[in-house]
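For reference, the structure discussed in these notes is given below.
Each value in this text was obtained by applying a stated rule to the coordinates, not by laboratory testing. Because the structure is predicted, anything quoted here is derived from the model rather than measured. Here the Cβ positions follow ideal geometry from the backbone for every residue, glycine too, while neighbour counts run over all protein chains shown.
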Amino acid sequence: MKNELVIQLDPGRREFRPGETLSLIVGWQLDTQPESAEARLFWHTEGKGSGDIQIVETDVLHQPKMSEERKIGFQLPNAPYSYNGRLVSIKWAVELVVEPGSHSKLVEFSLSADGRALQPQIQ
């Protein structure tokens, strides 16, 4: 069997607004019994300089089995908004991590007032 992790966001959505619930299904198929599993809601920066990362919430998935799916949800915060800039970008993501073996899967999405990542204003 091959180790596989899956994250499915709210029926295929990738754009969300503050205060919404990010509903998702996480799942895995492993060839060994996992000791721990957790899903993390976080944002991070990409671009020039050193990157920042902030874990906003963690959902510990108790008593994980070798193969399963679980429905979970995160209440999305008011900030920071997703931003695609020239020098720096702010990205939101959910990561599923299963141990041992450091198995992980990451899915990015955008968070803003209209759900789309903000763009720099060109003048």
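Here is how the numbers come out for the structure above:
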read-out: Residues satisfying the stated conditions in the range 53-94, i.e. farther than 28 Å from residue 121 by Cα, in a loop (DSSP other than H, G, I, E, B) and touching a Leu at 6+ places or on another chain (Cβ under 6 Å); value: 66
read-out: Residue count for the range 68-89, restricted to those that are free of Cβ contacts under 8 Å to residues at least 40 places away in the same chain and either more than 18 Å from residue 44 (Cβ to Cβ) or in contact with a Pro (Cβ under 7 Å, 6 or more places away or on another chain) (or both); value: 2
read-out: Residue list for the range 48-62, restricted to those being of a type outside the set (Val, Ile, Thr) and closer than 23 Å to residue 78 by Cβ; value: 51, 52, 54, 57, 59
read-out: Total residues in the range 102-123, condition of a type outside the set (Val, Ile, Thr) and more than 12 Å from the chain's Cα centre (by Cα); value: 13
read-out: Subset of the range 70-101 (residues that are closer than 16 Å to residue 4 by Cβ and either within 16 Å of the chain's Cα centre (by Cα) or surrounded by 17 or more Cβ atoms within 10 Å (Cβ to Cβ) (or both)); value: 70, 95, 96, 97, 98
